[in-house]
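Colleague: I have a structure here, written as structure tokens, and I will follow up with some questions on it.
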Amino acid sequence: MKSVAMSNKVRLVVFDLDGTLTDTLRDLANSVNYALRRMGWAERSLDEVRRMVGNGVRKLVERAVPEDVAENEIEQCFGIFQQHYLVHCQDTTGLYPGVEKMLQDVRRMGLRTAIVSNKLQAGVDELYATYFHTTVDVAIGQREGIPLKPAPDMVELALEALGARREETVYVGDSEVDVQTARNSGLPCISVLWGFRDRQQLLAAGATTFVQHPSELLALLA
């Protein structure tokens with residue numbers, strides 16, 4: 001763990017969702033494999049799905065289907081995935097150990113919090129209602145007309161919604177997409193090591209600041 005270069009006191013923490021706050025991997029994999037089975041295609045292992053997540057569920061499905069399938073078949077598979085995942089997105093999903101206390105402690109520090117996720121907004125809303133409605137101020141998911149991360153647009157929406165200044169904001173995520181998102185948004189990035197990517201993958205993406213447990217975030221944000 002090392003300190004994050006901040007020009008001012010931190011007042012807003014922007015969190016990624018999947019792999020950072022919630023362990024959603026198995027539910028994502030189950031829905032992907034349900035859709036693949038329905039299409040008559042081979043299933044994917046949990047580790048394969050782990051490597052495919054990060055750029056939104058549409059891209060996840062595109063990566064999971066066999067090579068050289070027609071676009072209309074990808075669309076059909078994605079529709080099956082969506083229907084299944086909206087019903088089963090909390091079958092095995094839960095907060096990572098220590099996340100709930102960390103969010104409560106961040107709140108007690110007087111900081112604002114936001115979630116910015118490439119997950120469909122409906123899925124974000126459901127998880128927000130279950131886990132975050134008392135600890136997170138705004139939760140932004142995939143919306144029509146808003147580019148997905150690593151584009152900075154979703155982060156900009158969070159900053160605007162909370163009236164926050166960029167120089168008082170820090171970004172927290174678990175993947176190379178999050179490192180790129182923070183860079184594109186002009187924010188310092190804290191990379192967590194309990195999510196979907198390991199240290200070497202994050203280093204290769206340019207990550208510089210790491211935490212191994214949610215409690216370590218508090219010292220960096222103080």
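Colleague: Considering only residues that are buried (at least 16 other Cβ atoms within 10 Å of the Cβ) and closer than 23 Å to residue 147 by Cα, which ones fall in the range 198-222?
Modeller: The answer is 202, 205, 207.
Colleague: Taking into account only those residues within the range 112-140 that are part of a strand (DSSP E or B) and at pLDDT below 95, which is surrounded by the fewest Cβ atoms within 10 Å (Cβ to Cβ)?
Modeller: Only one residue fits best here, namely 120.
Colleague: Let me ask something additional. Look through the range 166-196, keep the residues that are among the aromatic types (Phe, Trp, Tyr) and part of a loop (DSSP other than H, G, I, E, B), and return whichever of them is surrounded by the fewest Cβ atoms within 10 Å (Cβ to Cβ).
Modeller: Pass one, the range 166-196, residues among the aromatic types (Phe, Trp, Tyr): 171, 194, 196.
Still in the running and part of a loop (DSSP other than H, G, I, E, B): 194, 196.
Details: 194: 16, 196: 25.
Here the residue is 194.
Colleague: Here is a further query. Which one of these does residue 70 not meet: (1) surrounded by fewer than 17 Cβ atoms within 10 Å (Cβ to Cβ); (2) touching a Leu at 6+ places or on another chain (Cβ under 7 Å)?
Modeller: Of (1) surrounded by fewer than 17 Cβ atoms within 10 Å (Cβ to Cβ); (2) touching a Leu at 6+ places or on another chain (Cβ under 7 Å), only one is false for residue 70: (2).
Colleague: Inside the range 129-151, can you point out the residues that are without any contact (Cβ under 8 Å) to a residue 12 or more places away in the chain and aliphatic (A, V, I, L, M)?
Modeller: 129, 146
Colleague: What are the residue pairs meeting all of these: first residue in the range 61-73, first residue under 23 Å from residue 27 (Cβ atoms), second residue outside any helix (DSSP H, G or I) and of a type in the set (Phe, Trp, Tyr), Cβ atoms under 8 Å, and 6 or more apart or on different chains?
Modeller: Note: pairs meeting the criteria are 65/41; 66/41.
The values are calculated or read from the model by the stated rules, or taken from the named source; none is laboratory data. Just so we're clear, the structure is a prediction, and the values are computed from it rather than from any experiment. Positions of Cβ are backbone-derived with ideal geometry, glycine not excepted, and every protein chain shown enters the neighbour counts.
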